[in-house]
1. Go through (1) touching a strand residue (DSSP E or B) at 6+ places or on another chain (Cβ under 7 Å); (2) surrounded by fewer than 19 Cβ atoms within 10 Å (Cβ to Cβ) for residue 656 and report which single condition fails.
2. Taking the range 673-695 as the search range and keeping residues that are modelled with pLDDT under 85 and surrounded by fewer than 18 Cβ atoms within 10 Å (Cβ to Cβ), which one is farthest from residue 727 (Cα to Cα)?
3. Among the listed residues 90, 82, 65, 124, which satisfies the condition of being loosely packed, with under 14 Cβ neighbours inside 10 Å and in contact (Cβ under 8 Å) with a residue 24 or more places away in the chain?
4. Those residues that are exposed (fewer than 13 other Cβ atoms within 10 Å of the Cβ) and either in the same structural domain as residue 258 (by TED's automatic domain parsing) or closer than 19 Å to residue 136 by Cβ (or both), I need them from the range 165-177; list them, please.
5. Which is within 30 Å of residue 459 (Cα to Cα), at pLDDT 90 or above and not in a strand (DSSP E or B), of 373, 360?
6. Just one of the numbered conditions (1) touching a helix residue (DSSP H, G or I) at 6+ places or on another chain (Cβ under 9 Å); (2) buried (at least 18 other Cβ atoms within 10 Å of the Cβ) is not true of residue 211; which one?
7. Go through 625, 558 for me and flag whichever is in contact with a strand residue (DSSP E or B) (Cβ under 6 Å, 6 or more places away or on another chain) and modelled with pLDDT of 90 or more.
């Protein structure tokens, strides 16, 4: 590093000497009128670039000051390493030496970053092909590359630049990188804790000393951003438990001499634990004192909780916003009695002025039409400002899935203190998606999938979907088109055309095939902002293709009503989803109710299926999950329930530990034919995988399953119940959610088919 600085110093001195010498040459002449100007030494730089920068023109009087200004102006371009001014009579001759330009930038030895990433880093530093080469600029590029490696805990990374001259005064830059080993966190020490153990506090951190899975989680790789987040988690933990005076005195990060291990020491002062002695609220409460007092979650006699205080102030501010007070301020002022370790909280409310929304401005939508965004808004122009409606509107626009970024900002209207504008800024993302994939499960074996989806056709907000799924036992082709605003009131319309084939799973009995083709029309009616009811009508034709071992139940149904059945079922459905994630939920609830009613055609029946899911976060790392499902079916008009509409149970998605779809009634041939009444209950406790820290993409779970399946006319009894327990692994893999389950049936009956190990991609429960 000292050698480089020395070289840079020598180059600087040489340049100054050259500048001084050239200036001296320019000054060593008497003033004269310039008759002509010549520029010598140009190779790639256009003469016009030089002449446009010259402070001297033909016909001007040349003197010492203009000569010095000329040299400074050309050096300022950054294109020349040397500039001289000579005179030949009344002709001014400017002699330049161009800096070499960068012909190519190469990298060697980089594994942590690909070439594209490093090229982007150098581009930001001004080092790219076609730019003039400057050693100081190359030194800065080296430091930028090192900074990227430091962010990845590669503190021992070294970068050396090789400059290779090429033709036409160009150079090739090669950055030789020695990455070294990543620095790992060796220990994390917390000093000053008394109320809570060090282990309890360290469990709050995403950073840790690693485990046998640290190659996957990378939780032992130091990151300043992660450390700051962990420190905030630590602070919030103490403030939520009454330690009002808690503070972090210092944070020390020590790197070993070999730059491969890091020690983190956190010094804290806990302070005393304070209890809330009382809560008061003052200010203009709009004559709605009881409403605002009901929003206070702070309880006297309990430990001071900064989280509750923040939630209370936010709730009051939001509630004021619901009445049009866009600039309301709520301040929580603690009155601390340190002698008795008690604190009284005074909530001071200042509503400010009431405002209404003048205009809603949509920014950033190059393809999506304004109306697609505006129709999701429940806050209207020329209406009073309503914070709840604005939040609801933002959430509705976000759920469209058309944008990567979305913000709603409130802006004052100059000269109108009672008006505001809403600026809705969006950043669009590609809404078309082509997916090709493969899946493998213990039941279905290998299946191939193809999907073509366009969620925002021509910016209209309409959806077009083509799905193809082919497996050993189930094959599906579906074409669907949805208009989410078929009416101005938000009624959606979906048109489906589908073709499905189903075969019994291996060992289920029989080798028949069910072929179903049909089309459907479905409307979605928004009942509330969160609930939608679906109404539809389908036209279906189901054909039973017998094999060499068709079950007697199917044969009897076919002989009575034919091998081909036509049906025109009405569909009725309702759903609500408040989960925080569809892939790896940790909180929230999901409900779905679907029903079919076939009153016309060969198959006449009623069918209903209800599913309920609840996720309860027990802590930052542990989640309790519950799933319940119930199904019911009955034939109408004196006809039996169609056997090809039966429910099935057993395996993944129902009662694990039993072979897929093997629970419930059997045919006289021993084949599993499903049933008309079904219920399933699943309970899971999700925990961090040992060695994975707080990583949620890889988790263990223990489960208990219970379920039963009954045939038409069969008495519901406890004898039909099946139970199982076991452990499993959940992994959000690049292919999708992957779940493994090792199950142990707790109640087995003669003839039950056991399958202890099961797995599948893309399933829940």
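The values are calculated or read from the model by the stated rules, or taken from the named source; none is laboratory data. Note that the structure is predicted; figures quoted are calculated from it, not measured. FYI the Cβ positions are ideal-geometry reconstructions off the backbone, even for glycines, and counts take in every protein chain you see.
1. Result: residue 656 fails condition (2) only.
2. Ranking the candidates gives 694 first.
3. When all the criteria are applied, what remains is 90.
4. 165
5. 373
6. Of (1) touching a helix residue (DSSP H, G or I) at 6+ places or on another chain (Cβ under 9 Å); (2) buried (at least 18 other Cβ atoms within 10 Å of the Cβ), only one is false for residue 211: (2).
7. Exactly one of 625, 558 is in contact with a strand residue (DSSP E or B) (Cβ under 6 Å, 6 or more places away or on another chain) and modelled with pLDDT of 90 or more, namely 625.
Yes/no matrix, rows are residues, columns are (1) part of a strand (DSSP E or B); (2) buried (at least 19 other Cβ atoms within 10 Å of the Cβ):
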site: 307; (1), (2): no, no
site: 312; (1), (2): no, yes
site: 340; (1), (2): no, no
site: 345; (1), (2): yes, yes
site: 353; (1), (2): no, no
